1. Being in contact (Cβ under 8 Å) with a residue 12 or more places away in the chain and among the small types (Gly, Ala, Ser) is the filter here, so list the residues in region 73-94 that pass it.
2. Of everything in region 70-99 that's charged (D, E, K, R) and under 13 Å from ILE48 (Cα atoms), which residue is farthest from the chain's Cα centre (by Cα)?
3. Are any residues in region 51-89 surrounded by fewer than 14 Cβ atoms within 10 Å (Cβ to Cβ), under 12 Å from LEU105 (Cβ atoms) and in contact with a Lys or Arg (Cβ under 9 Å, 6 or more places away or on another chain), and if so, which ones?
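Readers should treat all values here as calculations from the given coordinates under stated rules, not as data from a laboratory. Keep in mind that what you see is a predicted model, and the values were worked out from it rather than measured. Quick reminder, even Gly has a Cβ in these numbers, built from the backbone with ideal geometry, and neighbours come from all protein chains shown.
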Amino acid sequence: MIKQTFQVLFFSLALGGTVCSTSLAAAESPSETQATQVSPPAEGQVSINQASAEELAAAMNGIGLKKAQSIVSYREQYGPFTAIEQLKEVPGIGSALVERNNARLKL
C-alpha cells in the first residue's frame with residue numbers, strides 16, 4: 001500500500017499534481033474506505049439505552065453486530081440500563097470491553 005501510494009504521488013507530481021487527490025482516493029483499499037464510513041456519532045458517545053445494534057457495533061471498539069444485538073436484547077428484556085457498568089451483565093460482555101468503551105458510551 002505504501003509503495004503504491006508513493007508511485008501515485010510520484011506520477012502525480014510528474015503530471016503537475018492535478019491527479020493527486022483522485023489517485024490517492026482510488027488507491028485506498030475497500031476496507032479503509034468502509035472504516036471511514038462507519039464512524040461513531042458526531043458527539044463521540046452512543047446511548048446504550050437508545051442505540052440500535054448497528055449503531056452500537058459501529059461506535060464500540062471490540063463489539064460486533066452479534067454482541068451489539070445481545071446488548072439490545074438484554075435491554076429489551078430487563079429494561080433500560082441504569083449504569084454503564086451494567087453492560088457486564090450481558091452475556092459475552094466483560095469488564096475489559098466495558099472499560100475500553102467507557103468514554104464512547106452514555107446512558
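1. Once the filter is applied, which keeps residues that are in contact (Cβ under 8 Å) with a residue 12 or more places away in the chain and among the small types (Gly, Ala, Ser), region 73-94 yields ALA83, GLY92.
2. So, considering only residues that are charged (D, E, K, R) and under 13 Å from ILE48 (Cα atoms), the one farthest from the chain's Cα centre (by Cα) is GLU76.
3. The one that is surrounded by fewer than 14 Cβ atoms within 10 Å (Cβ to Cβ), under 12 Å from LEU105 (Cβ atoms) and in contact with a Lys or Arg (Cβ under 9 Å, 6 or more places away or on another chain): ASN61.
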